[in-house]
Amino acid sequence: MHAVGLFRIRVARDGAVDIWAKGWRLESQVPALVPVLITVGFLFSPFPMPIRACGAAMLLACAWIVLRMSRLGFRVDLAGVQVTHVVRTHRVVWDRFDGFVGERNEHEGRCVLLTTDGERLPSPGTLDPDEMDPFWSEGDISAVDQLNRLVARARRAQASGNVPGLTDLVEPEPSPDGAGDDGRESPGARRLRSIAGG
């Protein structure tokens, strides 16, 4: 696991890149073992068999939820981007992927995956609203631009046939014009420019 800007990344053996922000997911899968161990003990308890079976099923469901909580975030692979929530996973193929935009209110901000047909898939976790889109004088890159650049770099490394390394994913110094690594503006920068009439 490595930190790149506001995000954490992990490269899988197959070359897929997991991306999440601190606080979005459990950092270890070990807590999922606790409900499984309790299930084994519960099966040997003196309760009647229907109660043991019902209790074991509920504990295994808890183990599944805890395991899913250790996988929350985005997964970038050769096929596209996957958004993993606690209950459901959405896959967006590269042909439908438009980029990430930000949504925020005074309490929280969220990165939202935008598809070419207008579907919006929110991130499984939130960020501080100040991290979503800093003002020009602050000089930082917004979380949305960081995420767009990280995904573009991971996609480029995977398309070249290489397993992405940390050097492939670390961001260079940001360009002041808001352009991404591929020379295109991020969806958020395009929308701001269209709103400002520029």
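The values are calculated or read from the model by the stated rules, or taken from the named source; none is laboratory data. As the structure is a prediction and not an experimental result, all values here were calculated from the model. Cβ sites come from the backbone with ideal geometry, for glycine too, and all protein chains shown count toward neighbours.
Sort through V81, V151, V92 and tell me the only one that's out of contact with any Pro (no Cβ under 9 Å at 6 or more places or on another chain), farther than 19 Å from W24 by Cα and not in a loop (DSSP other than H, G, I, E, B).
None of the other options fit; the residue is V92.
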Checklist outcome for this item: Picked from segment 48-93 (must be of a type in the set (S, T, Y) and modelled with pLDDT of 90 or more), the residue farthest from the chain's Cα centre (by Cα) is T89
Checklist entry - How many of the residues making up segment 81-117 are free of Cβ contacts under 8 Å to residues at least 12 places away in the same chain and in contact with a strand residue (DSSP E or B) (Cβ under 9 Å, 6 or more places away or on another chain)? => result 2
Item to check | Scope segment 17-76; condition out of contact with any Phe, Trp or Tyr (no Cβ under 8 Å at 6 or more places or on another chain), among the aliphatic types (A, V, I, L, M) and part of a loop (DSSP other than H, G, I, E, B); matching residues | outcome: L26
Checklist entry - Conditions: (1) out of contact with any Phe, Trp or Tyr (no Cβ under 8 Å at 6 or more places or on another chain); (2) at pLDDT 80 or above; (3) among the charged types (D, E, K, R). R155 meets all but one. Number of the miss? => result (1)
Next on the checklist: Going residue by residue through segment 122-134, is there one that turns out to be assigned to a loop (DSSP other than H, G, I, E, B) and farther than 19 Å from K22 by Cα?
Outcome noted: no
Checklist entry - Can you pull out the residues in segment 82-104 that are closer than 21 Å to A143 by Cβ and of a type in the set (F, W, Y)? => result F97, F100
Item to check | Residue tally, condition touching a residue at least 60 places away in the same chain (Cβ under 8 Å) and in contact with a Gly (Cβ under 9 Å, 6 or more places away or on another chain), over segment 16-41 | outcome: 6
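Could you list all residues from segment 107-143 that are among the polar types (S, T, N, Q), more than 14 Å from the chain's Cα centre (by Cα) and modelled with pLDDT under 90?
Filtering segment 107-143 for residues among the polar types (S, T, N, Q) gives 115-116, 123, 126, 137, 142.
Next, only the ones that are more than 14 Å from the chain's Cα centre (by Cα) stay: 115-116, 137, 142.
Within segment 107-143, S137, S142 qualify.
For segment 66-79, name all the residues that are farther than 21 Å from A32 by Cα and crowded, with 19+ Cβ neighbours inside 10 Å.
V76
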